[in-house]
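The structure under discussion appears below in the form of C-alpha cells.
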Amino acid sequence: MKLLVTTFIKNKDLERIKPYFDEIRIRGLPQISRILKKEEFIKEIQDIDVLILEFEQITKEILAESKRLKLIASVRAGPGANIDIRAATEKGIPIIYSPGRSSDVVADFTMGLLIAVTRYIAKGHFLVKTRRLTEKNPQRPGFAPRDIVWVMNEPTNFPYLKLKGQGLTGKTLGILGLGNIGKEVAKRAKCFKMKVIAHDPYVNEEIAERLGVKLVDKDTLFRESDFVSIHVKLKSDTKGLVGEKEFSLMKPTSFFINTARAAIVDQKALYKVLKKGKIAGAALDVFEDEPLKPDDPLLDLDNVVLTPHIAGACYDNYERASLIVTQGIEDYLKGKRPRYIVNPEIFGKEKVKDK
C-alpha cells in the first residue's frame, strides 16, 4: 500500500496512519512549496493506493492514469472545485473531504471585512501608506502640543470628517445562507449587538431561533439589511442568485460582503450599483476572474475593499482538516464508512460497514 501526500498534514496525524502503508510519499506543497504540475502529478500517482491532496486537479484523464487508486482524501471543504467527482464515482473511488474546516476562520474574516469597509479601515490604511495624509501640519491654537490632529490645510481633507463610517451596534446583518459559516457569522454578529436576519430554505425556524436569527424571504433580507453577507454554496440553483433585482432593493447606506463564491453574484450588476453610489460599499474576497486583471473596473472604485481569495487562508484550518482526513482514511482501511464522504453511494457497492 502506498500513500501520496501533496498538502500539509500534521505529523501526529500522519503517524497514526503510517502502520497501514508500506510507503508514504510526500510531494508538492510540504516539500517544494508549490502545487505539483500536471505532468509531475501524473507521474507520482501511477502506483498510489491512497491520495491526500488540496489543490491538484483530479480530472478524468488523471484518474485514467491512476491504476491502483482506491481512496482520495481532500483537505478542502469543497472538493468539487478541483476533483471530477463523477469520474471518481464511476471508478468506484470514494472521496473524503473536510466540511467545516474553514467555518470559524471565514466567519472571522467576514467580520473583519465588514468592519474594514464600514469604518474605512482599509481606505484609511491606504491613504496613510500612500502618503496622501503625510502633509506637514503646524501646531494649531487650542490643541495640546502632543495632540495628533490631522486637520491638514483644508478642512475637507480632515480624515475624522472625511472617513466617518457606520457602527455595528443595533444594525441589521442579513445572511444569505445559514450553513456552517453563516451560523458562525451570526454568532459573531450577535456579540456586536447586531440584529441578524437570514434567508436559507434548508434551515428551519428552530435552528434559527437557537441562534437568535430571524428567517425571512430573500427580498426582505436585501430590503431590510444594513449589511448583506453571502454564505451559500455554489450550485446550479445558486449561480447568479444575487443580481440587479436584489441590489435594487438594498438601502443606499448598506454594504455588501462576499466571501463565498463569485458566481453566486452578478459582478457586473454589483459594479453598476457601486459606481452609481446606489449602495455605500462592498467588500469582496472572490471574483469572476482570479486573479483580477489589471484593467478590472472594480480596481477603480474607492468604495470597495478587495482581498485575493484568502478568507480561508489560516493555519488553524489544517488542524481540523488534518485530523478529519486521516481519521477518514483509517476508518476506510479498517473497513468502516468514513464520516465525511462526498460520494457515499459507492458504499452501496462495496463491503464496507458503517461506524
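Bear in mind that the values in this text are calculations on the coordinates, not laboratory data. Quick caveat: nothing in here was measured; it's all calculated off a predicted structure. Because the Cβ atoms are built from the backbone with ideal geometry, glycine has one as well, and the counts that use them run over all protein chains shown.
For K38, go through the aspartates and glutamates and keep the ones whose alpha-carbon is under 19 Å away, minus same-chain ones fewer than eight residues off.
Reachable aspartates and glutamates: D47, D49, E54, E56, E61, E65, D84.
Where the centroid of each part is defined by its Cα atoms, how far is region 54-89 from region 230-293 in Å?
30 Å
As a quick test, which of the pairs K43/K67; K37/K239; K195/K218; K171/K214 have an alpha carbon distance above 18 angstrom in this structure?
K37/K239, as the Cα separations exceed 18 Å there.
Taking only complete DSSP H runs, can you tell me which helices of the chain stretch 18 Å or more along their own long axis by Cα positions and average at least 0.0 on the Kyte-Doolittle scale?
103-118
Please state the charge dipole magnitude for the chain, taken about the Cα centre, from unit charges on C-beta atoms (+1 on K and R, -1 on D and E), reported in debye and rounded to the nearest 20.
Result for the chain is approximately 680 debye, rounded to the nearest 20.
Report the calculated FRET efficiency for E61 and K162 (r = Cβ-Cβ distance, R0 = 41 Å), to the nearest 0.05.
0.15
Can you compute the helix-only [θ] at 222 nm over the chain? Use -39500 (n - 2.57) per DSSP H run of at least 4 residues, normalise by all residues, nearest 500 deg cm²/dmol.
Computed mean residue ellipticity for the chain: -9500 deg cm²/dmol.
Tell me, V203, V106 in order of fewest to most beta-carbon neighbours within 10 Å?
V203, V106
Nearest-5 percent of antiparallel DSSP beta bridges in the chain?
Percentage antiparallel, nearest 5: 5.
Please turn the phi angles of region 79-89 into ³J(HN,Hα) values with the Karplus equation 6.51 cos²θ - 1.76 cosθ + 1.60 (θ = phi - 60°), one per residue in order, whole Hz, x for glycine and proline.
x, x, 5, 9, 10, 6, 5, 4, 5, 5, 5
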